[in-house]
Structure formats: C-alpha cells, structure tokens
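Heads up: the structure comes next, in structure tokens.
The values are calculated or read from the model by the stated rules, or taken from the named source; none is laboratory data. No experiment lies behind these values; they were computed from the predicted model shown. Positions of Cβ are generated from backbone atoms using ideal geometry, with glycine treated the same way; all protein chains shown enter the neighbour counts.
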Amino acid sequence: MKIKNVLAGLALLVIVGGAGYYTHRRFVLPSQQCDICGRAVHTEHESIVLLKDGAKVHTCCPRCALHYERQKPGQVDRILVADRATGKGIDAQEAIYVEGSDDQPCVPISETSPRELGAEYDRKFDRCLPSLVAFKEKSAARNFVAAHGGRLLTYAQAVESVKQR
C-alpha cells in the first residue's frame, strides 16, 4: 500500500511539474529569444547572422550580432540588421549606427540586479550595452540622436566598439 501511494505521489508531482514547465515556456518566456544572450527579440532591433553553412542566428540587437561575428571568425557570411526607422533588414556593413542612446529595449527596467538593504551593486558587463541601433539613412540616424542621444558610428567603428567591450 505504501509503495502504491509513493508512486501515485511521484506521478502527480511529474504531471504538475510538467504542466508548470509547459505553462512557463508557453506564456511567460518571449516568443523569440536571442540566440546569444537569451533576451527577447524586438523586431525594430532584431539582427540576423547568416552563416556560411546556411544556418541563421537570430539576435536581439546589432551588438549581439557583432559579438557573434567576433567570437566565430570565418563562420559568418553576412549580417542583416533592422533599420530602426522602417523595420526592414539591411546589410550591417552599409548601416549607420547610433551607440549609447536612451533607447535600450534589450535591457528592460524590470531587469535589475537583486538588491540587499545597504548593499551597492554595479553592472560590470552587459553584452547589449551601450545600445547599438541601426539605420539605413544617415538623416534618420541624426534625427534619432537629436531625440534620444548617442553618437553616430560607421560599421567599422561599431565593430571596434564591440571589440573594446
């Protein structure tokens, strides 16, 4: 009788745990996550790394895509970044970038470090910071800087910024 109750309890635990896991995956986690950092992918910042073997790596922002290219030299065929003004994909090497603006969708306000009363925490590294936003047109990038701050970068400067962080 005891073994039967233990087995029934274990079966119930597996069912409840499985249902909880499914519910969390289905309703809590974002529909698409960055293949590099695991954060939610927003269409206005999404980047797609096209690999030479035909595979695709979806990232939450151009900075994650450039980190991937740096970490996997020789595997990347090209990178497509979303033009912030239109949402359309453009070649990363032809884009104009704004770095360090107040537009940071990869780092939501709710994502804060755990706090203890009287303790100070400092974020040492975040792959997505400072933010990197891509534009096809330089005029659109300038207008964005006027509204949100940041500085204009070319592709080569954006790559160099990623290397430094």
Original post:
Of the numbered conditions (1) modelled with pLDDT of 90 or more; (2) surrounded by fewer than 13 Cβ atoms within 10 Å (Cβ to Cβ); (3) more than 20 Å from K56 (Cα to Cα), R123 satisfies every one except a single condition; which is it?
Top reply: (1)
Subject >> Filtered residues of region 34-68 (kept if surrounded by fewer than 24 Cβ atoms within 10 Å (Cβ to Cβ), part of a helix (DSSP H, G or I) and in contact (Cβ under 8 Å) with a residue 40 or more places away in the chain) >> reply: H67
Original post:
Does A85 fit the bill of being of a type in the set (G, A, S), under 12 Å from V133 (Cα atoms), in the same structural domain as Q104 (by TED's automatic domain parsing) and out of contact with any Cys (no Cβ under 8 Å at 6 or more places or on another chain)?
Top reply: yes
Subject >> One residue from L132, L153 being touching a Gly at 6+ places or on another chain (Cβ under 9 Å), in the same structural domain as A95 (by TED's automatic domain parsing), within 27 Å of D35 (Cβ to Cβ) and not hydroxyl-bearing (S, T, Y) >> reply: L132
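Could you check region 15-33 and list, in sequence order, the residues that are exposed (fewer than 10 other Cβ atoms within 10 Å of the Cβ) and modelled with pLDDT of 85 or more?
none
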